[in-house]
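Colleague: This structure is in structure tokens; I'll ask about it shortly.
The values are calculated or read from the model by the stated rules, or taken from the named source; none is laboratory data. Note that this is a predicted model, so its numbers are computed, not measured. Cβ placement follows ideal geometry from the backbone for every residue including glycine, while neighbour counts extend to all protein chains displayed.
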Amino acid sequence: MKILNNILYLGSLFVSLLAVTSCSEDFLERPPVDAIVDAGFYQTDDQVLASTALLYSKVWFDYNDKASYNLGDFRAGTAFSAYNDRGNVLFNTTGNTPENGSAWRSFFIVVGQSNLAISNINQYAGDAVSPAIKKMAIAEARFMRAVAYRSLVMNWGAVPIIENNLELLSDTTVSRNTPESVWKFLTSEMRQVAEDLPATPIRPGRVTRWSAEGMLARFYLTRAGVESAGSGTRNQAFLDSAKYFSDRVITQSGLSLLKNYGDLFLFPYDNNSESLFSLQWVYSPGAYGTQNSTPAYLAFSPDIANGDGWGGDKSATWWMLGQYEGIKQTATGMQGRTTDQRLKATFMLPGASYSEITQTIPGGEQKLIVPNPGGDNNFVSIKKYVTGKAKDVGGLSASQNYGHDTYMMRLAEMYLIYAEAVLGNNASTSDPVALKYYNAIHTRAGLPVFAGPLTLDVIFKERLVEFAMEGMAWYDLVSLHYYNPTKAYAILNSQDRGLFATAPDVFPNPTSWTFTKTAWSTTERTINANSGNFLLPIPSAELSQAPNLQKPAVDYYSK
């Protein structure tokens with residue numbers, strides 16, 4: 001499916017799989033050094049590159065599997081599940097919620113395996129390994145560690161910064177570090193990583209200087225609000241840094257936006273000109289953990305999948321559909337049609353056609369026409385990352401086994417980060433470059449040029465529809481919560497996450513849809529987000545094994 005199949009995985013699959021799969025769920029345990037420290041393995045450039053290959057896939061598996069959309073979209077209110085994952089849908093994630101534990105575990109596996117890679121490369125890389133490759137591989141591991149810590153601090157607040165898991169054997173005092181010091185660590189790390197990574201990928205899918213500078217733009221935009229303590233304003237120096245790095249990526253990386261938004265999710269889309277960083281999954285019969293399993297849970301029916309397709313109760317929320325231009329509130333519900341191409345590429349409305357996906361029907365098959373089940377409640381199913389049957393992707397898929405990548409950062413985000421950084425603490429801006437960058441995203445979706453001015457609400461809404469079902473919305477809300485928690489709570493508490501029915505005006509290929517709330521479904525439509533439930537609780541299993549996690553957080557740099 002991609003060059004990475006042969007170059008990255010074959011040399012390291014056995015050694016690296018041993019290292020990752022033997023990890024304890026206790027993030028504080030010593031890494032399984034006996035499985036990967038063979039000094040004979042790190043003697044060539046290819047072997048060193050192979051040692052970091054699975055940092056692009058296997059270590060992220062537990063997060064990507066189901067936690068990514070449970071935390072990133074269900075908690076944020078962009079999508080919901082009617083009968084499953086209700087704790088996350090209803091903003092009642094607990095220490096025992098499965099996705100809470102799997103996300104925490106995955107992020108700390110990323111940290112632990114990144115630390116192990118750094119240690120082993122420094123200790124065992126032979127004389128034949130070029131200094132440039134050694135530096136790049138260590139930078140890759142530091143990049144992954146920093147990205148994992150960004151998710152850790154935004155989901156759980158104070159978390160322990162661990163740079164060397166082996167030291168934990170003799171140190172029983174490890175405790176959490178303050179969010180402010182975690183963010184300082186993140187930006188400091190990524191600045192060094194940007195210096196050490198090459199400007200062009202050494203192999204397809206590998207991160208570059210521009211991946212790191214893109215992360216710096218993201219990190220600084222969020223860090224600008226971290227120390228504001230709900231003041232409603234953000235640190236101007238960090239906003240300026242977000243503007244600086246996002247503009248550099250846009251103007252100097254050589255990357256470009258795809259012309260058509262929907263092409264971002266049409267097979268084969270891996271490592272395209274818009275991808276700044278993607279998890280590198282591989283269709284791998286007989287193996288487990290290096291493949292993309294998420295489509296199995298998103299596809300609405302086995303009729304469009306490979307014996308999986310368990311997403312029949314997953315849907316855009318009522319609130320999310322109302323974010324698309326052209327879908328208007330009426331006295332009894334919502335009605336309309338949008339020219340925003342992102343809706344069809346993200347969610348499946350009844351009657352819509354998808355020529356790239358094969359659908360099983362009585363007596364045979366056809367190109368997908370989304371069914372219209374009728375009734376007083378049905379679902380606007382998930383489209384993103386759903387690519388169909390094996391025959392739709394050249395035979396490269398099977399049940400719970402898909403090879404297409406997961407976007408972790410797209411160039412489009414840089415355009416919107418720039419616009420928000422320029423807006424900064426102002427109520428609005430008509431800055432011509434900010435408007436130009438905003439409109440590059442807005443008009444790509446088929447919408448008319450936005451004349452301005454830009455406001456935080458305008459940019460926030462654009463991010464919602466651009467990145468829905470990419471696990472981004474929750475982190476946008478956390479970023480907002482740092483400096484304006486009242487606004488973050490108001491957004492969440494205004495959402496309708498309940499049942500509704502969607503009816504096309506004609507079938508197939510409707511010209512508009514009518515959305516009607518399900519009359520008998522009057523409870524569990526809204527949530528109550530507040531300071532007591534906004535961050536995730538540390539998983540109960542981790543608290544029982546690491547009681548220091550319950551101690552007050554300390555500044556990482558004061559030790």
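Colleague: Within the stretch 358-368, does at least one residue satisfy the condition of being touching a Gly at 6+ places or on another chain (Cβ under 7 Å) and under 25 Å from residue 515 (Cβ atoms)?
Modeller: No, because not a single residue in the stretch 358-368 is touching a Gly at 6+ places or on another chain (Cβ under 7 Å) and under 25 Å from residue 515 (Cβ atoms).
Colleague: Next up: If you take the residues in the stretch 131-143 that are under 18 Å from residue 207 (Cβ atoms) and not aliphatic (A, V, I, L, M), which one is surrounded by the most Cβ atoms within 10 Å (Cβ to Cβ)?
Modeller: Going through the qualifying residues, I end up with 140.
Colleague: Right, next: Restricted to the stretch 249-268, and to residues that are surrounded by 18 or more Cβ atoms within 10 Å (Cβ to Cβ) and within 21 Å of residue 61 (Cα to Cα), which residue is modelled with the lowest pLDDT?
Modeller: 267
Colleague: Hey, could you check the stretch 487-524 for residues that are over 12 Å from residue 378 (Cβ atoms), in contact (Cβ under 8 Å) with a residue 60 or more places away in the chain and of a type in the set (Phe, Trp, Tyr) and say which is surrounded by the fewest Cβ atoms within 10 Å (Cβ to Cβ)?
Modeller: Taking the candidates together, the pick is 520.
Colleague: Looking at the stretch 474-486, which of its residues are in contact with a helix residue (DSSP H, G or I) (Cβ under 9 Å, 6 or more places away or on another chain), surrounded by fewer than 21 Cβ atoms within 10 Å (Cβ to Cβ) and polar (S, T, N, Q)?
Modeller: Scanning the stretch 474-486 gives a single hit, 484.
Colleague: Still on this model: Do we find a residue being aliphatic (A, V, I, L, M), outside any loop (DSSP other than H, G, I, E, B) and in contact with a Leu (Cβ under 9 Å, 6 or more places away or on another chain) anywhere in the stretch 426-433?
Modeller: Checking the stretch 426-433: not a single residue is aliphatic (A, V, I, L, M), outside any loop (DSSP other than H, G, I, E, B) and in contact with a Leu (Cβ under 9 Å, 6 or more places away or on another chain).
Colleague: Right, something else. Report yes if residue 548 is of a type in the set (S, T, N, Q), touching a strand residue (DSSP E or B) at 6+ places or on another chain (Cβ under 8 Å) and either at pLDDT below 95 or assigned to a strand (DSSP E or B) (or both), otherwise no. Walk me through it before giving the result.
Modeller: Details: of a type in the set (S, T, N, Q): yes; touching a strand residue (DSSP E or B) at 6+ places or on another chain (Cβ under 8 Å): no; either at pLDDT below 95 or assigned to a strand (DSSP E or B) (or both): yes.
So residue 548 fails the test.
Colleague: Among residues belonging to the stretch 374-390 that are in a loop (DSSP other than H, G, I, E, B) and hydrophobic (A, V, I, L, M, F, W, C), point out the one that is farthest from residue 499 (Cα to Cα).
Modeller: Per the stated criteria, the residue is 386.
Colleague: A follow-up question, please. Are any residues in the stretch 43-67 closer than 17 Å to residue 115 by Cα and surrounded by 24 or more Cβ atoms within 10 Å (Cβ to Cβ), and if so, which ones? Spell out the reasoning first.
Modeller: We begin by selecting, within the stretch 43-67, every residue closer than 17 Å to residue 115 by Cα; these are 48-60.
48, 51, 52, 53, 54, 55, 56, 57, 58, 59, 60 - these are the residues of the stretch 43-67 that are closer than 17 Å to residue 115 by Cα and surrounded by 24 or more Cβ atoms within 10 Å (Cβ to Cβ).
Colleague: In a loop (DSSP other than H, G, I, E, B), aliphatic (A, V, I, L, M) and under 27 Å from residue 442 (Cβ atoms): which single residue out of 264, 255 fits that description?
Modeller: Only one candidate qualifies: 255.
Colleague: Do you know which residues across the stretch 298-317 are surrounded by 22 or more Cβ atoms within 10 Å (Cβ to Cβ) and either aromatic (Phe, Trp, Tyr) or in a helix (DSSP H, G or I) (or both)?
Modeller: 298, 300, 304 - these are the residues of the stretch 298-317 that are surrounded by 22 or more Cβ atoms within 10 Å (Cβ to Cβ) and either aromatic (Phe, Trp, Tyr) or in a helix (DSSP H, G or I) (or both).
Colleague: With the requirement that a residue be more than 26 Å from the chain's Cα centre (by Cα) and either surrounded by 12 or more Cβ atoms within 10 Å (Cβ to Cβ) or aliphatic (A, V, I, L, M) (or both), what does the stretch 437-452 give you?
Modeller: Looking only at the stretch 437-452, we keep the residues that are more than 26 Å from the chain's Cα centre (by Cα), and these are 448-452.
Listed by number, the residues that qualify are 449, 450, 451, 452.
Colleague: Let me ask something else about it. Since residue 380 meets every condition but one in (1) buried (at least 24 other Cβ atoms within 10 Å of the Cβ); (2) within 26 Å of residue 213 (Cα to Cα); (3) in contact (Cβ under 8 Å) with a residue 40 or more places away in the chain, which condition does it not meet?
Modeller: Of the numbered conditions (1) buried (at least 24 other Cβ atoms within 10 Å of the Cβ); (2) within 26 Å of residue 213 (Cα to Cα); (3) in contact (Cβ under 8 Å) with a residue 40 or more places away in the chain, the odd one out for residue 380 is (2).
Colleague: Here's another thing I want to ask about it. I want to confirm something. Restricting to the stretch 232-241 and keeping residues that are in contact with a Gly (Cβ under 9 Å, 6 or more places away or on another chain) and in a helix (DSSP H, G or I), which single residue is farthest from residue 345 (Cα to Cα)?
Modeller: 236
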